[in-house]
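No lab work stands behind these numbers, since they all come straight from the coordinates. The structure presented is a predicted model; accordingly, all values stated were derived computationally and were not measured. Here the Cβ positions follow ideal geometry from the backbone for every residue, glycine too, while neighbour counts run over all protein chains shown.
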Amino acid sequence: MKLFTISEIKKSFFIALWFMFLTFPIMVIRVNTVENEIKWRWENMLFIGLGSFFLSIIWRYTIEKKEAGEKKSETGKSAEISFFQQVVETPRFYVPATIVTGIFALVFPFIFSIYQTNIMITTLIYVMIALGLNIVVGLAGLLDLGYVAFYAVGAYSYALLNHHYGIGFWTALPIGAATAFTFGILLGFPVLRLRGDYLAIVTLGFGEIIRLVLENWNEFSFGPSGIDKISRPGLFGIELSLHGNIIYTYYLMIGLTLFTIFVVNRLKDSRIGRAWIALREDETACQAMGIDNTKTKLTAFALGATWAGIGGVVFAAKTTFINPASFTIWESIIILCIVVLGGMGSILGVILGAFILILLPEYLRAFSEFRMLIFGAALVIMMVFRPGGVISEVRKTYKFKK
Amino acid sequence: MNKVLEVKNLRMNFGGLSAIDTFNLDVSDGEIVAVIGPNGAGKTTLFNCITGLYTASSGDILISPPDKKTKSIIGFKPNIITESGLARTFQNIRLFSNMTVLENVMIGRHCRLNSGIIGAIFRPKTTVNEEEQVVQDSYDILEKIGLEKYVNEFAKNLPYGAQRRLEIARALATDPFLLLLDEPAAGMNMQETKELDDLILKIRDEEKISILLIEHDMSLVMSLSDRIIVMDYGKNIAQGNPAEIKRNTDVIKAYLGETFA
Ligand SMILES: Nc1ncnc2c1ncn2[C@@H]1O[C@H](COP(=O)(O)OP(=O)(O)O)[C@@H](O)[C@H]1O
Ligand SMILES: [Mg+2]
């Protein structure tokens, strides 16, 4: 495509005009209610006009290029693979990369401050629960918008057990996981009959119900004021300083994350994992090929919930204080964004997604007002240009003697 | 010959429309039966009723798996019916596009395998063996169908004809005694249709699988079928061997309209 043909310029001109019109009330007019005067900021209109004019040209140009690329890969034998993907799949690159990442992860708490380590713990918790959600959304294709409910179940299991019976972290970890698993099955039974959008709406509702129960059932969950003084993770009864405990929690999370990666990786290429993916690809065909849809969905839903439960227990132990405000729909959305942006079904993609979406906002506090805006824009752009996510799913290949 | 499938007085209503109207059909062991009829006659709906995707409004469907008692499959879920030995392909191809060709076939084996979550995570010897076995079995099926060169390709990247064959491979992987093919030759060229003809005969003769097929390609139907059933407006309007059907005036009417009869 020629970048500056008359018709292209005309198109962009009208787009710019339309944007100037749309943003006129908020960008140009400013009413000062104290002095009762209106300020006309015409220069803003100029910026909007120029900005949308050039952006629209670039936007259409990139889309056209992308479509041309797709055509080429359809006629050619192998599909075009991104640079990222190639790096990931070449042993010469990924072996040293894994070693460096491993060493970096091990020494991290000793070269960075406690503040940084804390942020890293949070990120690892997100990595873990996003990998859990990846089973539900990425592999099985069930759009679950109430995932945070299971996170809350895990967190409250530990908080309540600790508050009432003084039960420690390590005992609570399997209990929290089991409770979340049970909730997954219980909630799964009624909702998994639904497909697609309906499932999304009902899970969204369930997520909110759990939060509202926690907020309003004061006798049980202490309402909005939450539960405090939750014990940090214990280390065989050894007393740790606050500093020591954070470092300990960090390594604990590294261990749990590795465990999660190990399990999800094994599940992915197993009989169950294949059934999940088949379910995502075509529910009707999947059932017609002899797979019990209900059972397959339930295992995905409940296993995903289990990881949210484990994450919840660690979260409660790490912050030592929880209340329902930590478990809003916004959390579900962030975790979902991690999975979608990172690459549905791809373990490495989801890990990268978590690092991008959790770490960037931490270090770009200056832009925190625009967080939603940037999230939204990033999602739209990704869906247009790389619908498979940063790193798209790779399927196992098998070798055969000829 | 004993009957492997018997459809008795089947009715299927969608609101006011009766897509299948007191329909009768049977397939004997080792037989190739074709169902033909104009578009909208209810052929696909018939398949959907037999394979459990739709629940028939009334009537009965009986199957007799080899060495097992005859049983009714009305009200069974599709996966249970497939487990009992009926496998199908779809008129509008429904492969698992983002899975490899081999994985598509492996999904077909799913209901013949046992390992669960615990097996997947800990990979005991039994699971490892089972996985090796399913990979080999699936590969063998692909070889038989002639798709082995695509083994690690994504299903969506296959040429059209190969996709149709993959659907058959996937269905065969479920170990059926009766295979239901919904317009397997649709969109194929002459060469591909010829190959399909051979393939279907091979499946019947070597795998000892009975076949019920829907097809519009009359040369294929005439050369393959032992028996043809003609369907129009959900009714069985004629049946017989290919020679009889060619002569039948009702059939010509249904296909070409009154004036030609
Ligand atoms: N799920 C459905 N809901 C309503 N009507 C349907 C449904 N499935 C099929 N039909 C109707 O049943 C009739 C038979 O369709 P079909 O079995 O697909 O025909 P064929 O395969 O013989 O071309 C058509 O009139 C179609 O519109
Ligand atoms: Mg049809």
*Quick one: what do you get for segment B:181-236 if you divide its Cα Rg by 2.2 N^0.38 Å?*
1.16
*GNM top mover of A:VAL153, A:VAL34, A:VAL340 - chain A, alpha-carbon springs below 10 Å*: A:VAL34
*asked:* Could you tell me the relative contact order of segment B:95-174? Use alpha-carbon pairs under 8 Å, at least six residues apart, and round to a whole percent.
replied: 53 percent
_To make sure I understand the rule: partners must be lysines, Cα under 22 Å from the Cα of A:LYS229, and not fewer than 8 residues away in the same chain. Which ones qualify?_
A:LYS318
_Partners for B:LYS202 among aspartates and glutamates (Cα-Cα distance below 14 Å; same-chain residues under 8 apart left out)_ = B:GLU31, B:GLU143
_Number of partner chain Cβ atoms within 10 Å, mean per residue of B:77-84_ = 5
*So what are the radius of gyration and Dmax for the Cα set of segment A:6-75, in Å?*
18.0, 66
*Could you check which residue among A:TYR198, A:TYR156, A:TYR165 shows the biggest mean-square fluctuation in a GNM of chain A with a 10 Å Cα cutoff?*
A:TYR165
*Report the extension gain between A:ALA68 and A:PHE47 in nm, rounded to one decimal, defined as 0.36 nm multiplied by the number of residues separating them, less their alpha carbon distance.*
4.4 nm
*For all pairs of alpha-carbon atoms in segment A:267-402, what percent lies in each bin of width 10 Å, listed from the first bin to the last filled one?*
10, 30, 34, 19, 6, 1, 0
*On a 0 to 90 degree scale, rounded to 10, what angle separates helix B:190-207 from the longest Cα axis of chain B?*
70 degrees
*asked:* I want the antiparallel fraction of DSSP beta bridges within the protein assembly as shown, as a percent rounded to 5.
replied: 65 percent
*What percent of all Cα-Cα pairs in segment B:136-261 falls in each 5 Å bin, counting up from 0?*
2, 9, 19, 20, 18, 13, 8, 6, 4, 1, 0, 0
*asked:* Under the √(5λ) rule applied to the eigenvalues of the Cα gyration tensor, what semi-axes describe the equivalent ellipsoid of segment B:95-174? Give them in Å, descending.
replied: 24, 12, 10
*How far, in degrees from 0 to 90, does helix A:169-191 lean away from the longest principal axis of the Cα atoms of chain A, to the nearest 10?*
60 degrees
*Using only Cα atoms, tell me the angle between helix B:160-172 and the longest principal axis of chain B; keep it within 0 to 90° and round to the nearest 10.*
80 degrees
*asked:* Given the options B:ILE141, B:LEU95, B:SER115, identify the residue whose Cα lies farthest towards the positive end of the charge dipole of segment B:95-174 (+1 on Cβ of Lys, Arg; -1 on Cβ of Asp, Glu).
replied: B:LEU95
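Would you please give the FRET efficiency between A:LEU212 and A:THR320, computed as 1/(1 + (r/R0)^6) with r the Cβ-Cβ distance and R0 = 22 Å, to the nearest 0.05? Please report the intermediate quantities before stating the final value.
Numbers: r = 24 Å, r/R0 = 1.10.
After rounding to 0.05, the efficiency reads 0.35.
Above 19 angstrom, tally the Cα pairs of segment B:1-112 and express them as a % of all pairs, no decimals. Provide the component values of the computation, followed by the final result.
Numbers: 3183 of 6216 pairs.
For segment B:1-112, the fraction of Cα-Cα distances above 19 Å is 51 percent.
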*Can you give the mean number of other chain Cβ atoms that lie within 10 Å of the Cβ atoms in peptide B:144-152?*
1
_Among A:TRP276, A:TRP307, A:TRP40, residue whose mean-square fluctuation peaks in a GNM of chain A (springs only between Cα atoms under 10 Å)_ = A:TRP40
_Net length gained if the chain between B:ILE237 and B:LYS68 were fully extended (0.36 nm per residue, minus Cα distance)_ = 57.6 nm
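Starting from the exponent 0.38 and prefactor 2.2 Å, build the expected Rg for the protein assembly as shown from its residue count and divide its actual Cα Rg by it. Show your work: numbers first, answer last.
On the way: Rg = 30.1 Å, N = 663, 2.2 N^0.38 = 26.0 Å.
Against the empirical 2.2 N^0.38 Å value, I get 1.16 for the protein assembly as shown.
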*Express the C-alpha Rg of chain B as a ratio against the empirical globular expectation 2.2 N^0.38 Å, rounded to two decimals.*
1.05
*Go ahead and run the numbers for FRET between A:ILE175 and B:ASP29, Cβ-Cβ distance against an R0 of 51 Å, rounding to 0.05.*
0.35
*Count, for each residue of A:288-301, the Cβ atoms from other chains sitting within 10 Å of its Cβ, then give me the mean as a whole number.*
6
*Sum up the charges of everything whose Cβ sits under 14 Å from the Cβ of A:GLN287, counting Lys and Arg as +1 and Asp and Glu as -1, but leave A:GLN287 out.*
+4
*Provide the net charge surrounding B:LYS43, with neighbours chosen by a C-beta distance below 11 Å and charges set as Lys +1, Arg +1, Asp -1, Glu -1.*
-4
*Kirkwood hydrodynamic radius for segment A:328-402: how many Å is it when counted over pairs of different Cα atoms?*
13.4 Å
*Over all alpha-carbon pairs of segment A:97-399, lay out the pair-distance distribution in 10 Å bins, whole %, shortest bin first.*
6, 27, 35, 23, 7, 1, 0
*For B:GLU132 and B:THR55, compute 0.36 nm times the residue count separating them, minus their Cα-Cα distance, and round to one decimal in nm.*
24.0 nm
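Using alpha-carbon pairs under 8 Å, 6+ residues apart, how would you state the relative contact order of chain B in percent? Kindly include the intermediate steps, with their values, before the conclusion.
Values: 477 pairs, mean separation 69.0, N = 261.
Dividing the mean separation by the residue count of chain B yields 26 percent.
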*Computed on alpha carbon atoms, what radius of gyration and Dmax characterise segment A:146-250, expressed in Å?*
16.4, 50
